[in-house]
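The values are calculated or read from the model by the stated rules, or taken from the named source; none is laboratory data. Keep in mind it's a predicted model, so treat the numbers as computed, not measured. Methodologically, a virtual Cβ is constructed for each residue, glycine included, from the backbone with ideal geometry; neighbour enumeration extends over all protein chains shown. Just the protein is used for accessible areas: all its heavy atoms, side chains included, with ligands, DNA and RNA removed. Shrake-Rupley method; radii C 1.70, N 1.55, O 1.52, S 1.80 Å.
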Amino acid sequence: MKIPFATVVPMHKEIEEELKGAINKVIDDGLFIGGDPVKKFEEDFAQYLGVNYCVGVGNGLEGILLALEAMGVQAGDEVIVPSHTFIATTLPISRLGAKIVFVEPDEFYTIDVNKIEEKITDKTKAIIVVHLYGQCANMEPIMEIAHRHNIKVLEDAAQAHGATYKGRKAGSLGDVAEFSFYPGKNLGCLGDGGCVVTNDQEIADKVRALGNYGSFIKYKHIYKGYNSRLDTMQAAALDVKLKYLDKWNKRRQEVATRYINEIKNPKVILPKVREDNTHVWHVFVVRVENREEFMKYLEDKGIQTLIHYPTAIHKQEAYKELNNEVYPLAEKYAKEVVSLPMYYGLTEEEVSYVIDAINNY
């Protein structure tokens, strides 16, 4: 049996006619930047999340960049981020000339609330929380800390489409949030795409202008902006797929429940779900001490796995200036994490095969 780590084929097959119809309509209309499909998706996604504003952007990384700039982050400011995340979370901070301030993760792989306050200084402008792997960070105490120190909170919800925290959707919990629609996400487009969501009209308007060359009105530029817009084709595809997101997430949750209940190998550390959270399992991450051996064993069984993420950000060549810093948990997780097959379309037989293989390791 061959089981890929992930594939979008089953979900696309299921909605093939509807998806192609939406794409063909964009082709027939001949408008490929902006227009009604973008407006409709922005409105529908904002309504799904329970927020007032959604602004489509080119991708998730640019969403973070535009959101930070709209929040007033600039050179010399400090931005708190988790030490265990993808580098796209930190690159925008560097682009703006601000300082990255790392905080170690908790047992749920999200930023440790108890370690945030000690990192706050008079230069701290924002906290970026990452809803990593499909689970929300512990937002209530984070927002309390932020409000007390007059700091903005940006949710990096790139892996958490449809996840909830105490009944509220990821993306509606902070001051502003960013989503990626990279094809492999729970809600993914057919290329690159992203958005910024918020209840703050001033931030939403500034993000829209920044992503449109710094302009609200053509040829009148009030900011030194960027070209970062969600194109019409992607918006049309996303609006079709949004209707099925909860169904697709439910299947991921069923697979995850089986993994958690049936994987019994003591060498494999299973993920934990925070109380009052709905985890949407963008990836299902376990930890093992001898990762290479474990992955090779599964590969020989026809089971593909990946690593999210094999090198901590502060150990990356791109951040040579941080290479001597020490973040033990981020480094430990980077050495041990393994992502198991997780996608809509995994059959019960395939799930059983993965579970049996791991239990026999």
Checklist outcome for this item: Once amide hydrogens are built 1.01 Å from N within the peptide plane, the residues lying 5 or more places from Asn52 or on another chain with amide H under 5 Å from its amide H are Thr198, Asn199
Checklist entry - Once Rh for region 132-178 is found with the Kirkwood sum over Cα pairs, what is the Stokes-Einstein diffusion coefficient at 10 °C and 1.306 mPa s, in µm²/s? => result 148
Item to check | For region 152-204, projected area of the alpha-carbon convex hull averaged over all directions, nm² | outcome: 3.7
Checklist entry - If you find the alpha carbon centre of region 1-29 and of region 153-176, how far apart are they in angstrom? => result 26
Checklist entry - Rounded, prolate or oblate: which fits region 138-228, taking a ≥ b ≥ c as square roots of the Cα gyration tensor eigenvalues, rounded meaning a/c under 1.5, else prolate when a/b beats b/c? => result oblate
Checklist entry - Quick one: what does P(r) look like for region 52-162 with 10 Å bins over all Cα pairs, in whole %? => result 15, 51, 32, 2
Item to check | Those aspartates and glutamates that a straight Cα-Cα span of less than 12 Å connects to Lys39, excepting residues fewer than 8 apart in one chain | outcome: Asp231, Asp239
Checklist entry - Hey, what's the chain come to in accessible area per residue, 1.4 Å probe, Å²? => result 44
Item to check | All-pairs Cα distance distribution in region 242-318, expressed in whole percent, bin size 5 Å | outcome: 3, 11, 18, 22, 19, 13, 9, 4, 0
Checklist outcome for this item: Whole-percent carbon and sulfur contribution to the accessible surface of the chain (1.4 Å, no ligands, DNA or RNA) stands at 50
Next on the checklist: Debye calculation, C-alpha points only, no solvent: report log10 I(q)/I(0) for region 60-103 at q = 0.20 Å⁻¹, in the same order as the q values.
Outcome noted: -0.53
Next on the checklist: What value in Å³ per residue do you get for the convex hull of the alpha-carbon atoms in region 232-277?
Outcome noted: 116
Item to check | Percent RCO, i.e. relative contact order, over region 248-361, from Cα pairs under 8 Å lying at least 6 residues apart | outcome: 37
Item to check | For region 319-331, 3J(HN,Hα) per residue [Karplus equation, 6.51 cos²θ - 1.76 cosθ + 1.60, θ = phi - 60°, Hz, x = Gly/Pro] | outcome: 10, 3, 5, 9, 4, 8, 6, 10, 10, x, 5, 4, 5
Checklist entry - Using modelled backbone amide H atoms (1.01 Å from N, in-plane), which distant-in-sequence or interchain residues come within less than 5 Å of Phe284's amide H? => result Leu340
Item to check | Karplus (6.51, -1.76, 1.60) ³J(HN,Hα), θ = phi - 60°, over region 185-194, in Hz, Gly and Pro reported as x | outcome: 5, 4, 10, x, 8, 9, x, 8, x, x
Checklist entry - What base-10 log of the normalised intensity I(q)/I(0) is obtained for region 106-257 from the Debye formula, alpha carbons as equal point scatterers, at q = 0.12 Å⁻¹? => result -0.60
Item to check | Among beta bridges that DSSP assigns inside the chain, antiparallel share in %, nearest 5 | outcome: 60
Checklist entry - Hey, what's the Cα Rg ratio for region 232-361 versus the globular rule of thumb, 2.2 N^0.38 Å? => result 1.23
Item to check | Rotationally averaged projected area of region 287-361 (alpha carbon convex hull; nm²) | outcome: 6.1
Item to check | Pairs of Cα atoms farther than 13 Å apart, region 1-45, % | outcome: 68
Checklist entry - So how compact is the chain: Cα radius of gyration and Dmax in angstrom? => result 20.4, 65
Checklist outcome for this item: The set of residues whose placed amide H lies less than 5 Å from the amide H of Gln304, leaving out same-chain residues fewer than 5 positions away, is Ile3, Phe5
Checklist entry - Near Ala209, within a Cβ-to-Cβ distance under 13 Å, what is the net charge of the other residues, with Lys and Arg +1 and Asp and Glu -1? => result +3
Checklist entry - Once the principal axes of the Cα atoms of region 8-93 are found, what is the range along each, listed largest first in whole angstroms? => result 50, 29, 26
Next on the checklist: Defining a contact as two alpha carbons under 8 Å apart and six or more residues distant in sequence, what relative contact order in percent does the chain show?
Outcome noted: 22
